[in-house]
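**Q** Got a structure here, written out as structure tokens. Questions coming.
The values are calculated or read from the model by the stated rules, or taken from the named source; none is laboratory data. Because the structure is a prediction, the values reported are computed rather than measured. Note: ideal-geometry Cβ built from the backbone for every residue, glycine included; neighbour counts use all protein chains shown. Quick note on the areas: whole protein, heavy atoms, side chains included, nothing else; ligands and nucleic acids left out. Shrake-Rupley method; radii C 1.70, N 1.55, O 1.52, S 1.80 Å.
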Amino acid sequence: MRKVLSFSLFLMLGLVASQLLPGALGAAYGSFKATADTLLYICLGFIMINVGREFEIDKSRWRSYTADYFIAMATAALPWLLIVLYYIFVLLPSTLWSDPAAWKENLLLSRFAAPTSAGILFTMLAALKLKESWIYRKIQVLAIFDDLDTILLMIPLQILMIGLRWQMFAIVAIVVVLLAVGWRWQATWDVRQDWKRILGLSIIVCALTQAVYLATKHWYGAENSIHIEVLLPAFVVGMLMRHRHIDTRVEQRVATGVSFLFMLLVGMSMPLVTGAGADTAASAASVTASQPMMPWGMVALHVVAVSFLSNLGKLVPLFFYRDRKLSERLALSVGMFTRGEVGAGVIFIALGYNLGGPALIISVLTLVLNLILTGGFVVWVKRLALKSYTPEGGETAKA
């Protein structure tokens, strides 16, 4: 619980720093921002490699995972679509309701609500001695598929942002190759998996993706460059590893420290909300960034509403797995409420397309609120799970 609350604290500290540092650093802020963004990508690569390492699937039984994948996809899609509609029809003036630019920007920005935080959830459920339960095993599959669906859907959303250009076909080709490699050689790379090796691999992945961007920018210009986000390549690197569980105190501290640093850097990436620098929002290239800031009381109401909608959409598993008890299906759904680093990564990617305004602030604060509530969600899951499962005696419901 303390770890989850610390995620929220670091995200908020970063948000405060993002408003103070531009004025404090002056002309040096540009160099500082470039360094912070590079470090943020490395942290995101580290996190996604670890998410990929958790992706363990029996390829000989791939058909048995089909239903789980579509349930996970629906669990990621419904909160996303609910928040898209909210951002369009509640936050934007009616004159923009049919604006294609407004739709594509909000389709990307609202994707932050889709992914469940697999790392946070697995750790907390294991600590509650639920690791042998049906709920834990099923939620492990759904949460990983949920993250995978989020990563994959980011590709067409980014293509939507850059338009129908030749780069689109290059990005699709790279994605197809990465997925084919990940599937063909999943869990076959016998490599050391301590934090030093994973950090080194994340640096290499980030360097390669940045090299592709810089090379194509040099040859074709910034408008026609190819920018492969680190999410999918890092995830595939993790998929390739023959997973070893290394649960030493040092590994836990480093992984936690990287996550804390990542949340801090995401907060620091936020644009100015008020002040002279924020006045440029009126002339911003994106529809979202051009929207005027609203009173903080109104922002708080929107944060509560968006949090409610995002978690309402996560109740999809409640309507499936009818052979299980209602309490188990509800526990499975509530477990999917947890948010974390992947959602924050989506927000950071949205910043790269100059998305901003009230919708961005609401997204960040919604993430903070859900992190604060995560401990309560997991306790709720435990109470529901124990209605049909006891650690000593196993489950009373059928496996």
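**Q** Could you give the accessible area per residue of region 50-109, probe 1.4 Å, as a whole number in Å²?
**A** Numbers: 2880 Å² over 60 residues.
Computed with neighbouring chains in place, this is 48 Å² per residue.
**Q** Report the full-extension gain for the segment L81 to T188: residue separation times 0.36 nm, less the Cα-Cα distance, to one decimal in nm.
**A** Extra length from L81 to T188 when fully extended: 34.8 nm.
**Q** On the accessible surface of region 299-348, probed at 1.4 Å, how many percent belong to carbon and sulfur atoms?
**A** Working: 1230 of 1590 Å².
About 78 percent, which is the carbon plus sulfur part of the accessible surface.
**Q** Which order, highest average first, do 294-305, 14-25, 365-376 follow once you tally other Cβ atoms within 10 Å for each residue and take the mean per peptide? Spell out each step's value before the answer.
**A** Details: 294-305: 13.5, 14-25: 16.2, 365-376: 21.2.
Packing order, densest peptide first, comes out as 365-376, 14-25, 294-305.
**Q** Within region 150-228, what whole-number % of the accessible surface is contributed by carbon and sulfur, with the 1.4 Å probe and all protein chains included in the calculation?
**A** Details: 3200 of 4470 Å².
Here carbon and sulfur together make up 71 percent of the probe-accessible area.
**Q** Next question, about the same structure. Suppose R0 equals 45 Å; then what is the FRET efficiency for R197 and T95 from their Cβ-Cβ distance, rounded to the nearest 0.05?
**A** Working: r = 53 Å, r/R0 = 1.18.
Taking R0 as 45 Å, the efficiency between R197 and T95 is 0.25.
**Q** Return the sequence-ordered ³J(HN,Hα) values of region 83-93 in whole Hz as given by the Karplus equation 6.51 cos²θ - 1.76 cosθ + 1.60 applied to θ = phi - 60°, using x for Gly and Pro.
**A** 6, 4, 4, 5, 4, 6, 8, 10, 7, 9, x
**Q** Could I ask something else about it? May I ask you to derive the FRET efficiency for V172 and R242 from their Cβ-Cβ distance with R0 = 22 Å, giving the value to the nearest 0.05? Display every interim value, and only then the final one.
**A** Numbers: r = 29 Å, r/R0 = 1.32.
Working from the Cβ atoms, E equals 0.15.
**Q** Additional query: Can you list the HN-Hα couplings for region 72-81, worked out from phi with the Karplus curve (6.51, -1.76, 1.60; θ = phi - 60°), rounded to whole Hz and with x for Gly and Pro?
**A** 5, 5, 5, 5, 7, 6, 5, x, 4, 5
**Q** Next up: Compute the FRET efficiency between N354 and V379 as 1/(1 + (r/R0)^6), taking r as their Cβ-Cβ distance and R0 = 51 Å, and round to the nearest 0.05.
**A** Details: r = 40 Å, r/R0 = 0.78.
For N354 and V379, the calculated efficiency is 0.80.
**Q** Hey, another quick one. Counting only heavy atoms of the protein chains, get the accessible area per residue of region 188-277 (1.4 Å probe) and round it to a whole Å² value.
**A** I get 51 Å² per residue for this part.
**Q** Sticking with the crude label model, points 7 Å out along Cα→Cβ, report the distance from E56 to E251 in nm, one decimal please.
**A** Between E56 and E251, the label points sit 1.2 nm apart.
**Q** Residue-wise, which Karplus ³J(HN,Hα) couplings in Hz belong to region 26-36, taking 6.51 cos²θ - 1.76 cosθ + 1.60, θ = phi - 60°, and x for glycine or proline?
**A** Once rounded to whole Hz, the list reads x, 5, 7, 5, x, 5, 4, 5, 4, 5, 5.
**Q** Hey, another quick one. Residues in region 3-44, backbone N under 19 Å from the label point at K217 (7 Å along the Cα-to-beta-carbon vector): list them, ranges by number please.
**A** Only 28-44 pass the distance filter.
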